[in-house]
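Asker: Can you read through this structure? Questions will come right after.
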Amino acid sequence: MSEVIALVPGTFDPITNGHIDIIKRAKKIFDKIIVAVATNAGKMPLFSFEERVELTKKVVETDRELWGVEVEGVKGLLVDFAKRENAKVVVRGLRAVSDFEYELQMAFMNRRLNEEVEMIYMMPYIKYSFLSSSIVKDVFFNGGDISKFVPEVVIEAMRKKLSERRG
Ligand code: ADP
């Protein structure tokens with residue numbers, strides 16, 4: 001059988017230990033993983049598209065268990081990117097029930113757009129089940145400790161953002 005390429009897409013604003021948990025789980029199963037960082041202007045991200053791609057790459061480089069994982073910025077439809085990369089699988093994380101409805105909607109739409117791609121859902125460790133990029137940003141900008149939720153390089157990038165904001 002030919003190698004199975006899986007995409008792990010998201011906004012990654014910023015990447016958290018929850019995302020990393022899902023990427024590692026996917027890496028155990030599929031031959032090649034491409035983390036697809038979306039532009040997602042609709043979400044008004046804290047980090048720019050380029051910054052999110054760079055930061056995600058840095059996280060991959062600094063975590064031995066992630067070596068071999070590729071990181072790509074994706075403009076346009078994910079299913080088109082999947083076609084170009086010959087990826088047959090898209091992996092998403094499922095945290096609480098609240099993720100389900102949105103994921104279901106997206107899965108059906110993606111299927112209509114490209115029948116060749118299968119969406120697969122994975123659950124993180126329970127300790128990451130209530131973790132999101134927005135909560136991390138909230139805690140950080142209110143002076144809280146985020147060291148259990150994101151890697152060190154992400155904390156550094158957040159500190160830099162904070163000092164830029166303060167001017
Ligand atoms: P999107 O804007 O596409 O939802 P996110 O960066 O918020 O992008 O999330 C990307 C993927 O990672 C989604 O499948 C989301 O459910 C999953 N995810 C986010 N946080 C966690 C977490 N703590 N545990 C498991 N999966 C997560």
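Read-outs throughout are calculated quantities, based only on the coordinates presented, and are distinct from any laboratory measurement. All figures in this text were calculated on a predicted structure; none of them were measured in a lab. Positions of Cβ are backbone-derived with ideal geometry, glycine not excepted, and every protein chain shown enters the neighbour counts.
Asker: What distance in nm separates the simple spin-label points at I120 and N40, each placed 7 Å from Cα in the Cβ direction?
Answerer: Using points 7 Å along Cα→Cβ, the separation is 2.2 nm.
Asker: Along Cα→Cβ, 7 Å out, is where each label goes; now give me the distance between the ones at W67 and K32 in nm to one decimal.
Answerer: Taking the simple label geometry, W67 and K32 are separated by 1.9 nm.
Asker: Let me ask something additional. Would you mind checking K32/K57; K32/K127; K83/K161 for any pair whose Cα atoms are more than 24 angstrom apart?
Answerer: Where the Cα-Cα span goes over 24 Å, the pairs concerned are K32/K127; K83/K161.
Asker: Now for a separate question. Using a 10 Å Cβ count of at most 15 others and DSSP loop calls, identify the longest part of the chain lacking such chymotrypsin sites (Phe, Trp or Tyr not before Pro).
Answerer: For chymotrypsin sites (Phe, Trp or Tyr not before Pro) (loop position, at most 15 other Cβ atoms within 10 Å), the longest site-free span of the chain is 1-66.
Asker: Moving on. Considering only the other residues whose Cβ falls under 10 Å of the Cβ of K127, what net charge follows from Lys and Arg at +1 and Asp and Glu at -1?
Answerer: So the environment of K127 carries a net charge of 0.
Asker: Along the Cα→Cβ direction, 7 angstrom out, place labels at R84 and M109. What is the inter-label distance in nm?
Answerer: Between R84 and M109, the label points sit 2.0 nm apart.
Asker: Which of Y102, S132, V35 sits closest to the plus end of the dipole of the chain, meaning its Cα is farthest towards the positive end, when Lys and Arg get +1 and Asp and Glu get -1 on the C-beta?
Answerer: So the residue we want is S132.
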